[in-house]
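A quick write-up on the structure given underneath.
The values are calculated or read from the model by the stated rules, or taken from the named source; none is laboratory data. What you see is a predicted model; the values in this text were computed from it and never measured. Using ideal geometry, Cβ is built from the backbone for each residue, glycine included, and neighbour counts are taken over all protein chains shown. To get the accessible areas, we keep the full protein, side chains included, count just its heavy atoms, and leave off ligands, DNA and RNA. Shrake-Rupley method; radii C 1.70, N 1.55, O 1.52, S 1.80 Å.
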Amino acid sequence: MNRAQRLPLAHLWVAFAAFGLASLMAVMQAMSRAEVQLPARTAAIYYLSVTAHGVLTALVFTTFFIMGFGYVIARTALRRPLVGEGVAWASFWIALIGTLLATLVIVLGKASVLYTFYPPLQAHPGFYIGAALLVIGSWGWCWVMVRTYRAWRRDNSGAPAPLAMHGLLATVIVWILATIGVAIEVVVLLIPWSLGITKTVDPILARALFWWFGHPLVYFWLLPAYVAWYTILPREAGGKLFSDPLARVVFVLFIVLSTPVGFHHQFMDPGIPAGWKLFHTVNTFAILFPSFLTAFTVIASLEVAGRMRGGRGLFGWLGKLPWGEPLFTSVVLAMTIFAVGGFSGAVNAGYGMNAMVHNTAWVQGHFHLTVGSAVALTFMGLTYWLLPRLLGRELKFPAFAQVQPWLWFVGMMFFAVANHVTGLLGMPRRVYDPAYFGAAAARAWAPWTAVSAAGGVILFVSAMSFLLVAVGTALWGKRMASPPEIAYAEPLEPVPPRRSLWDRFGLWTVLAVLLVLIAYGLPLFGLLRLERFGSPGFKPF
Amino acid sequence: MKVYLYEKIWMWGSALLIVAFLGSLLATTFGLGIRPPSHVETIDPKAVRTDPRFAASGVTVRPDGSVRVVALAQIWAFVPNEIRVPAGRPVTFRVTSPDVLHGFQIVGTNVNAMVAPGYVSQVTTTFHRPGEYLIVCNEYCGLGHHVMAGKLIVEAAP
């Protein structure tokens with residue numbers, strides 16, 4: 001392992017530690033909702049653990065993994081050292097200190113406000129300050145990524161960025177646009193309020209700022225996974241990328257459309273006019289389009305791979321694909337699950353239909369298919385691919401790495417399908433115990449919460465298998481004389497030598513900012529003009 | 001940019017599917033008037049119990065036969081805890097919170113609203129099936145979130 005690998009590896013280990021702790025919380029929660037009497041099962045521990053699970057997976061695991069992966073891409077796709085490695089390390093420590101501070105406050109029971117931290121629930125100031133430090137650290141990552149790209153561009157005037165870097169730059173832009181919302185919420189509203197400097201906070205304004213961040217956050221997770229699907233999977237499958245230019249279009253569409261969609265999380269909120277919710281709905285459906293394009297390009301790339309491996313016939317190529325490769329299996333299963341998650345997502349976005357599923361278990365079913373599988377399982381597959389290349393060691397316990405994605409797939413099917421069903425039957429999400437004093441409606445949920453708990457146990461076994469392979473590889477993996485290189489899929493048609501419209505990040509960012517100004521500027525202006533009454537903080541936990 | 005024929009077919013198909021989704025959504029919005037509850041009205045959360053709009057919670061039948069329900073969602077109960085409404089008539093719920101965020105969801109119906117301190121949530125529906133319904137809070141509101149529940153009784157029209 002040379003020095004350059006330490007930076008991404010440090011990020012990956014923080015991500016894995018967060019993931020391991022979160023998995024333990026998760027299996028407890030799934031069992032609690034099935035009314036399994038675990039020792040020390042209390043409401044306080046349950047809501048504490050839901051908070052920890054949400055923060056550690058949605059914010060810590062993903063952000064650290066993406067930062068680490070981004071550094072790998074920048075260095076290997078651009079074939080140059082990072083610009084500002086010192087800033088990168090400083091950012092890592094800032095983000096880590098923030099994470100440790102927030103986690104400590106959560107574990108002490110002083111911040112059981114869930115990862116959405118909606119005021120007027122008021123956490124200990126350490127929670128908000130920790131979250132702010134995590135975001136500030138990630139901004140340092142953005143700075144290094146952009147600086148490194150600009151240095152590369154100076155030496156390669158006119159050439160488009162390699163596709164993997166193109167996708168990561170889109171991720172960076174989406175993240176900056178997204179985090180402006182949450183930074184205003186946390187720094188302007190919540191930190192002074194939790195310190196007692198200000199007395200009240202408007203909860204609807206805070207929710208609007210949170211979801212300005214909360215939905216593009218989804219694409220911040222998803223775009224690096226798409227980078228893997230487009231630029232790593234086809235090569236590992238033994239083929240080529242079907243279309244490089246369309247992939248660029250896809251990433252650009254995400255830059256433009258990721259942010260002006262957040263009101264679809266607030267369909268049921270008072271204080272936001274229906275017309276603005278409809279505007280965000282239209283944008284939300286538009287953002288389905290780049291994912292449809294991705295489905296075509298990635299499956300076509302796999303067919304190219306299958307045929308290059310000698311596959312014949314309409315479906316004969318499928319059998320020729322390298323199903324024994326952990327990266328391949330993880331990513332293909334992740335994509336399969338994502339197709340189901342996309343369906344439930346379209347229901348969530350369905351303006352009127354949302355009333356049937358809002359804040360029910362359906363929603364937790366949905367995002368465990370999307371971020372919890374499409375993204376998380378892709379990241380696990382990427383880990384199997386990255387660790388040998390970064391550590392120079394062979395994967396330890398490869399059989400576990402082969403079985404683990406299937407376990408995740410099966411466990412998630414139990415878990416997520418059951419949650420979708422209980423959601424349609426009206427079970428609220430995030431409840432410690434869904435007995436509701438024996439109400440008839442609640443009795444109908446019980447068989448399904450048991451299925452969900454069974455899924456949770458399978459997922460836990462899968463998560464532990466993943467960690468066993470990761471830690472085993474680092475400690476006991478056989479050293480390789482020449483580790484495989486980090487290389488990206490070649491496109492079927494050569495990439496044009498000049499930058500095209502779809503490589504002009506500045507232009508698309510301006511368009512995205514304009515859309516955000518319309519989608520949020522106008523309705524927030526309307527909100528601020530109301531006679532509003534803020535809320536003091538409450539700590540009912 | 002080279003785009004293959006199958007790719008073009010897929011792109012047009014995807015675009016049409018999205019247009020069909022949006023078309024059906026706009027048809028239900030403007031044709032059937034199905035919109036999410038988006039009432040804009042503010043209230044001082046510290047003075048909810050003395051505010052004339054919420055001082056008396058409960059059910060009133062208005063001259064036109066429609067029904068109005070005024071309720072509070074608070075840590076960790078709904079006030080009133082039991083609501084009786086007639087079947088087959090439009091019922092408008094007006095709900096607010098004196099403390100944290102809550103949800104107001106009537107299981108097995110399309111009533112689902114966020115309840116925020118400082119704002120009045122309003123949602124209208126017609127219950128066609130008489131019977132007993134479970135009202136749950138579906139937004140986390142602290143340690144008693146899972147016991148925050150109420151009862152709606154829809155009575156058959158006489």
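In nm, give the distance between the simple-model label positions of B:T60 and A:A4, each being 7 Å from the Cα along the Cα-to-Cβ direction.
In this crude spin-label approximation the distance works out to 7.4 nm.
For segment B:42-102, how big is Rg over Rh, using alpha carbon atoms and the Kirkwood form of Rh?
My calculation puts Rg/Rh at 0.99.
Note down the accessible area of A:H358, probe 1.4 Å, to the nearest 10 Å².
For A:H358, the solvent-accessible surface is approximately 20 Å².
Rounded to whole Å and ordered largest first, report the semi-axes of the equivalent ellipsoid of chain A derived from its Cα gyration tensor (root of 5λ). Could the numbers behind the result be given before it?
Details: eigenvalues 242, 156, 114 Å².
Taking √(5λ) for each eigenvalue gives 35, 28, 24 Å, largest first.
Convex hull over the alpha-carbon atoms of segment A:55-131: what's its volume per residue in Å³?
Taking the convex hull of the Cα positions in segment A:55-131, it is 85 Å³ per residue.
Roughly how many whole Å is it from the C-alpha centroid of segment A:242-285 to that of segment B:23-98?
Rounded to whole Å, the Cα centres lie 30 Å apart.
Take B:L17, project a point 7 Å from its Cα along the Cβ direction, then tell me which residues of segment A:283-312 have their backbone nitrogen under 20 Å from it.
Answer for this model: A:283-304.
When the chain is fully extended, how far beyond the present Cα-Cα distance does A:I518 get from A:W323, taking 0.36 nm per residue of separation?
Full-extension gain reported as 65.5 nm.
Provide Rg and Dmax in Å for segment A:387-491, with only Cα atoms included in the calculation.
Final numbers for Rg and Dmax: 20.3, 65 Å.
Please give the contour-minus-distance gain from A:I136 to A:K199: 0.36 nm per residue of separation, less the Cα-Cα distance, rounded to one decimal in nm. Let's see the in-between values first.
Values: separation 63, 0.36 × 63 = 22.68 nm, distance 2.56 nm.
Between A:I136 and A:K199, full extension yields an extra 20.1 nm.
Taking the square root of 5 times each eigenvalue of the Cα gyration tensor, what semi-axes in Å does the equivalent ellipsoid of segment A:116-197 have, largest first?
The answer is 36, 11, 9 Å, longest axis first.
What does the extension gain come out to for A:T42 and A:L314, with contour length at 0.36 nm per residue minus their alpha carbon separation?
92.4 nm
Let me check I've understood the local charge: for A:M268, count other residues with C-beta under 10 angstrom from its C-beta, Lys and Arg +1, Asp and Glu -1. What total comes out?
Local charge sum for A:M268: -1.
What does the average come to when, for each residue of peptide A:352-360, you count the partner chain Cβ atoms lying within 10 Å of its Cβ?
So the per-residue partner count for this stretch is 6.
Divide the volume of the convex hull of the Cα atoms of segment B:1-69 by its number of residues and quote the answer in cubic angstrom per residue. Each step should come with its number before you reach the end.
Working: hull volume 12.1 nm³, N = 69.
Spread over its residues, the Cα hull of segment B:1-69 gives 175 Å³ apiece.
Which of the DSSP-defined H helices in chain A satisfy a minimum axial length of 24 Å, computed from C-alpha atoms, and a minimum mean Kyte-Doolittle hydropathy of 0.0? It would help to have the intermediate numbers written out before the result.
Working: long enough: A:6-33 (40 Å, 1.11); A:85-107 (32 Å, 1.87); A:125-155 (46 Å, 0.30); A:163-183 (29 Å, 2.10); A:203-231 (42 Å, 0.91); A:288-308 (30 Å, 1.29); A:326-348 (32 Å, 1.53); A:398-424 (39 Å, 0.98); A:446-476 (44 Å, 1.69).
What comes out of the filter, once short or polar helices are dropped, is A:6-33, A:85-107, A:125-155, A:163-183, A:203-231, A:288-308, A:326-348, A:398-424, A:446-476.
Normalising by the residue count of chain A, find the relative contact order in percent from Cα pairs under 8 Å and 6+ residues apart. Walk me through the numbers before you get to the answer.
Numbers: 882 pairs, mean separation 108.0, N = 541.
This gives 20 percent for chain A.
Work out how far the C-alpha atoms of segment A:144-266 reach from end to end along every principal axis, then list the three figures in whole Å, largest first.
The Cα atoms of segment A:144-266 stretch 59, 32, 22 Å along their principal axes.
What is segment B:45-155's relative contact order, in percent, from Cα pairs under 8 angstrom and six or more apart in sequence?
Contact order relative to length: 27 percent.
What's the ranking of A:220-228, A:375-383, B:39-47, A:91-99 by average number of surrounding C-beta atoms within 10 Å, highest first?
A:375-383, A:220-228, A:91-99, B:39-47
May I ask for the Rg/Rh ratio of chain B, computed from Cα atoms with Rh as the Kirkwood radius, given to two decimals?
1.15
Dividing the convex hull volume of the alpha carbon atoms of segment A:426-482 by its residue count, what do you get in Å³ per residue?
Per residue, the Cα convex hull of segment A:426-482 comes to 113 Å³.
What is the spin-label model distance, in nm, from B:Y6 to A:R147 if the labels are put 7 Å beyond Cα along the C-beta direction?
4.5
Cβ neighbours within 10 Å, averaged per peptide: list A:254-264, A:397-407, A:470-480 in order, most packed at the top. Write out the running numbers ahead of the final one.
Working: A:254-264: 25.8, A:397-407: 19.3, A:470-480: 15.9.
Per-residue Cβ counts within 10 Å, averaged per peptide and sorted highest first, yield A:254-264, A:397-407, A:470-480.
What do you get for the angle between helix B:5-26 and the principal long axis of chain B? Use alpha-carbon atoms, 0 to 90 degrees, nearest ten.
With both axes taken from Cα atoms, the answer is about 30 degrees.
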